[in-house]
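Have a look at the structure below before the remarks.
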Amino acid sequence: MTMSRKTTLLLVALLTFLVSTAFAGEKVRVAFLSGHVTSGSYSNSLQRNSILSETVHLSYFPSLEYGSDLKIGNSTLKRNLSLTEINGNSFGGTFFWTPKTTHGTLLGGRVSLLNMGSDDPNSDKTLIPYLSIIYKSPDLRKYIDLGYANTGYNDTTAHQITLTSGFFIFNDWAWLQSRAYYIDLSNAVQNKNNTFALEESLIYYVLPGRASLSFYGMLGQRIYAYSPDLQTAYNLSDIQNGSGGMSASYSLSKRWSVYGDVTYESYKNNQIEDRYSVVYSTAGAVFVF
């Protein structure tokens, strides 16, 4: 993606942010700008060598009941042998609204939209809508959501259902979250019509409000998965067999925070008998307005 394209997308993101803020009718109380760079190295892959991506998020939360997030992403996948590299870009937005009920619970929903462009014709100009129903307990110590994503590629359409639950443990020193993925494919990919996977994550607040450690992993299989948290689509047709990783964040001041992440993922491609893995390393920063 050229610099002019990146600048245009950033201006669109800023404009959408301002319009959304004005529409909300309230003064923004919490807003932040974050960005990160991710580098991935493949092992034993017949086709893939390395990947580099950059992502920028612009978010605001006027209250606990609603908020929005905008994302711009760019990636370059380098491949082996005489295969050409694949450049991709994405632009996505999310809005959630969870008003309080008469019982004090927060009940509402989330709407996300991700647009992807790629040198790969199978996933170029792909638009991914995501909808979910959200429940939060009055004390905000429990969370449940049921989501649906529809991803239409040239070779198939992926209908994804996710069920997520999270709650605090150890006297609010840690957050435990579980997510189930069920993906149904309109046309079989890698000889599979559907896949199921379970994702677990644990966030430990080493110094509440200052530092945290996260551990996570995925068991099962996924094809063409969409991650609601990352607003990212796994647009490779290979089967993801599992993953694991950890991340750390630290607040340098009231306005600045830094974070890092290391993730391992394993894949297989039955058509070319390719089994491989990839290790991602991420570094980022967050600025609070």
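Quick notes on this structure:
- Projecting the Cα positions of Leu230, Asn270, Asn193 onto the charge dipole of the chain (unit charges on Cβ atoms of Lys, Arg, Asp and Glu, taken about the Cα centre) puts Leu230 furthest along the positive direction.
- Exposure proxy order (Cβ contacts within 10 Å, fewest to most) of Asp229, Asp120, Asp155, Asp145: Asp229, Asp155, Asp120, Asp145
- With Cα atoms, 0 to 90° folded angle of helix 3-24 axis to the chain main axis: 30 degrees
- Lysine pairs with alpha-carbon atoms under 21 Å apart, the chain, spacing 8 or more or separate chains: 11
- Label-point separation in nm, Arg141 to Arg210, each point 7 Å along Cα→Cβ: 2.4 nm
- Along the chain, longest interval not containing exposed GluC sites (Glu not before Pro), exposed being DSSP loop plus at most 14 other Cβ atoms within 10 Å: 86-272
- Filtered trypsin sites (Lys or Arg not before Pro), region 169-264: DSSP coil and at most 12 other beta carbons within 10 Å: Arg210, Lys254, Arg255
- Sorted by Cβ density within 10 Å, fewest first, the residues Ser227, Ser112: Ser227, Ser112
- Entry note, the chain: relative contact order of 13 percent, from Cα contacts under 8 Å with a spacing of 6+ residues.
- The chain: translational diffusion in µm²/s, Stokes-Einstein, Kirkwood Rh over Cα pairs, 4 °C, 1.567 mPa s: 64 µm²/s
- Under the shape rule built on the C-alpha gyration tensor, where the axes satisfy a ≥ b ≥ c, region 52-136 is prolate, since a/c reaches at least 1.5 and a/b is greater than b/c.
- What you get for region 3-288, charging only the Cβ of Lys and Arg (+1) and of Asp and Glu (-1), is a dipole of about 640 debye around the Cα centre.
- Cβ crowding within 10 Å ranks Thr84, Thr126, Thr101 as Thr84, Thr101, Thr126, fewest other Cβ atoms first.
Throughout, read-outs are computed from the coordinates displayed, never taken from laboratory work. No experiment lies behind these values; they were computed from the predicted model shown. Positions of Cβ are backbone-derived with ideal geometry, glycine not excepted, and every protein chain shown enters the neighbour counts.
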